[in-house]
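Okay, structure first, notes after.
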Amino acid sequence: MTQITHWINGALDTKKPERTGDIYNPATGKVTGTVAFANAATVDLAVSAATAAFAEWRHSSLTKRTQVLFAFRELVAQNREKIAALITAEHGKVLSDAAGEVTRGLEVVEFACGIPHLLKGGFSEEVSTGVDVYSIRQALGPVAIISPFNFPAMVPMWFFPVAIACGNTVVVKPSEKDPSAVMFLAQLWKEAGLPDGVFNVVHGDKEVVDALLIHPGIKSISFVGSTPIARYVYETGTKAGKRVQALGGAKNHMIVLPDCDLELAADAAINAGFGSAGERCMAISAIVAVEPIGNALVARIKSRMANIVTGDGTKGSDMGPLVTAVHRDKVASYIEAGAKEGATVVVDGRNLKVDGDGFFLGPTLLDNVTPKMSVYTDEIFGPVLSIIRVNTYDEALNLVNSHQYGNGTAIFTNDGGAARRFQNEVEVGMVGINVPIPVPMAYYSFGGWKSSLFGDSHAHGTEGVHFFTRGKVVTSRWLDPSHGGINLGFPQND
Ligand code: NAD
């Protein structure tokens, strides 16, 4: 049995916790360990360690910081498979998905290795006679990162490489469902030469999040999770005077225009709908088929679904289990609701049988879904694809723009003009053109619109650097040496 505890000031916390939570292997349904739940006193210890470490880390040279980042990058790359195995054991996603997640996180570390360039400020010479103005960006202090279960390594890595590179110290609060990957990353930071106290981890649930949100030592909050909690975190954190970026839920639409390559669109629907069992904030869950291609598209998706092997993620399957039994049952209840509200159940994942007690649900396809059905209005976060049929591009666009979420979207078409119009008109933060999961590269920024993001800063890229630093502008006048003072050998004015 694994016993996960907090990582404070470069060491494991040895205190006996007041509360713990169970960790499951979703593929077997068995408890594999426990995780300590922090209270306000433990949070205080972590923030004190981060505050003490900040005094030195903020003054560490850019050369030193990049050396540590490069070393960390090497260690993560060397241990990619090990980290992936930890993710699969607690999250359930298949090993190749887990390794892909580590790679995407690694790209942010690589981006952060360029921090000397990213922190360069502006300079204006002679704004007035003898006066120069320049800008610098400085670290905030201890910052908190609160992450969801679905990307236990990648989502924290959207933030902490950039935060640390900018000179901040961090307290990470991973999901209590799969806390092991971040603990392993903590050890790698130490091995990479990061001073103790710069990277701390506390575990738990609402109690620890609430303690972080109001702790006066925490200067900013980077949160990723469901929309109701993201809204709460944003409101509570900003009320306590903190800078907050809170990324929320999603309902990503894929618009399929009649002129597109239908084979490409069907492949994309399968990968984006059922990869990671649909537990991705960039998963496609609503496919908007612009007629007359509805029947042809549904037939292609249905025939591909027959080939998806659902099972233990360590055993070569295509799709793993859902994260908990409760979540599996909730997703299954949406299929029931969709059927009751009039959707056609083309493939019913509830019919899947996998040996053992794992939290499995097969891939599901619902056709003739309408905008009022709960399968359309709500984020399901499982392997359920809904087809909504419309007659025009304008109807399709209107659906996307009317939805409360605006995280990602994709259009499939061979018409460049239609795609260009869509990228301009759609009210969503991340747009794919013949690309179903348009996750921005690390040097761009990741984030949605509307109820998918509270706050104005997206993750990583230059917005990440901006979020984790404060701007300062210096206006300086240095008198010419000829002006006076100690005679340095320059000609003196009278
Ligand atoms: P969640 O909101 O349940 O939990 C996220 C974090 O908040 C966890 O660390 C959890 O411990 C904490 N938390 C849970 N309940 C809380 C409460 N009442 N008060 C304070 N803190 C609380 O989300 P989840 O189920 O772990 O993750 C799935 C959700 O995350 C989905 O909605 C998904 O769309 C979203 N997500 C969004 C993005 C994005 O970039 N927008 C990325 C990944 C996941």
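Looking across segment 202-261, the residues that are more than 11 Å from the ligand (Cβ to nearest atom), of a type in the set (D, E, K, R) and more than 20 Å from Asp44 (Cα to Cα) come down to Glu235, Asp259, Asp261. Within segment 386-427, the residues that satisfy the criterion of being touching a residue at least 40 places away in the same chain (Cβ under 8 Å), of a type in the set (A, V, I, L, M, F, W, C) and not in a helix (DSSP H, G or I) are Ile387, Ile388, Val390, Ala410, Ile411, Phe412.
Among the residues in segment 461-478, are any part of a loop (DSSP other than H, G, I, E, B), at pLDDT 95 or above, surrounded by 11 or more Cβ atoms within 10 Å (Cβ to Cβ) and in the same structural domain as Arg137 (by TED's automatic domain parsing)? Yes, there is a match, as at least one residue in segment 461-478 is part of a loop (DSSP other than H, G, I, E, B), at pLDDT 95 or above, surrounded by 11 or more Cβ atoms within 10 Å (Cβ to Cβ) and in the same structural domain as Arg137 (by TED's automatic domain parsing). Checking each residue in segment 312-359 for being in contact (Cβ under 8 Å) with a residue 60 or more places away in the chain and either crowded, with 18+ Cβ neighbours inside 10 Å or assigned by TED's automatic domain parsing to the domain that holds Glu176 (or both) picks out Asp312, Gly313, Ser317, Asp318, Met319, Gly320, Pro321, Leu322, Val323, Gly358, Phe359. If you take the residues in segment 144-188 that are crowded, with 24+ Cβ neighbours inside 10 Å and either among the aromatic types (Phe, Trp, Tyr) or modelled with pLDDT under 95 (or both), which one is nearest to Leu95 (Cα to Cα)? For segment 144-188, the residue satisfying everything is Phe151. For Gly225, the stated conditions do not hold, so it cannot be described as in contact with a Phe, Trp or Tyr (Cβ under 7 Å, 6 or more places away or on another chain) and closer than 18 Å to Phe381 by Cα. Inspect segment 431-438 for any residue being within 17 Å of Arg104 (Cβ to Cβ), in contact with an Asp or Glu (Cβ under 6 Å, 6 or more places away or on another chain) and either among the acidic types (Asp, Glu) or buried (at least 20 other Cβ atoms within 10 Å of the Cβ) (or both) and give the result as yes or no. Checked segment 431-438: no residue is within 17 Å of Arg104 (Cβ to Cβ), in contact with an Asp or Glu (Cβ under 6 Å, 6 or more places away or on another chain) and either among the acidic types (Asp, Glu) or buried (at least 20 other Cβ atoms within 10 Å of the Cβ) (or both). Of all residues in segment 70-86, those that are closer than 15 Å to Glu110 by Cα have Cβ atoms under 8 Å from Cβ atoms of residues that are among the hydrophobic types (A, V, I, L, M, F, W, C) and outside any helix (DSSP H, G or I), 6 or more apart or on another chain, in Phe70/Cys113; Phe72/Leu194; Arg73/Cys113.
Would you please name the residue that is nearest to Val323 (Cα to Cα), looking only at residues in segment 12-30 that are out of contact with any Lys or Arg (no Cβ under 9 Å at 6 or more places or on another chain) and assigned to a strand (DSSP E or B)? Across segment 12-30, the extreme among qualifying residues is Asn25.
Per the listing Val127, Val143, Val155, Val102, the residue uniquely under 23 Å from Leu479 (Cβ atoms) and among the β-branched types (Val, Ile, Thr) is Val127.
Step by step: first the residues of segment 41-77, then only those that are small (Gly, Ala, Ser) and not in a helix (DSSP H, G or I), then the one that is surrounded by the fewest Cβ atoms within 10 Å (Cβ to Cβ). Which residue is that? Step by step, filter segment 41-77, then rank; the result is Ser61. Residue count for segment 106-142 satisfying the condition of being in a loop (DSSP other than H, G, I, E, B), surrounded by 14 or more Cβ atoms within 10 Å (Cβ to Cβ) and on the phi < 0 side of the Ramachandran plot: 4. Restricting attention to segment 169-201 and to residues that are acidic (Asp, Glu) and within 20 Å of the chain's Cα centre (by Cα), the residue that is farthest from the ligand (Cβ to nearest atom) turns out to be Asp178. Of everything in segment 262-288 that's within 16 Å of the ligand (Cβ to nearest atom) and touching a Phe, Trp or Tyr at 6+ places or on another chain (Cβ under 7 Å), which residue is nearest to Asp318 (Cα to Cα)? Here the residue is Gly278.
The values are calculated or read from the model by the stated rules, or taken from the named source; none is laboratory data. Keep in mind the model is a prediction, meaning the values are calculated, not measured. Glycine also receives a Cβ, built like all others from the backbone with ideal geometry; neighbour counts cover every protein chain displayed.
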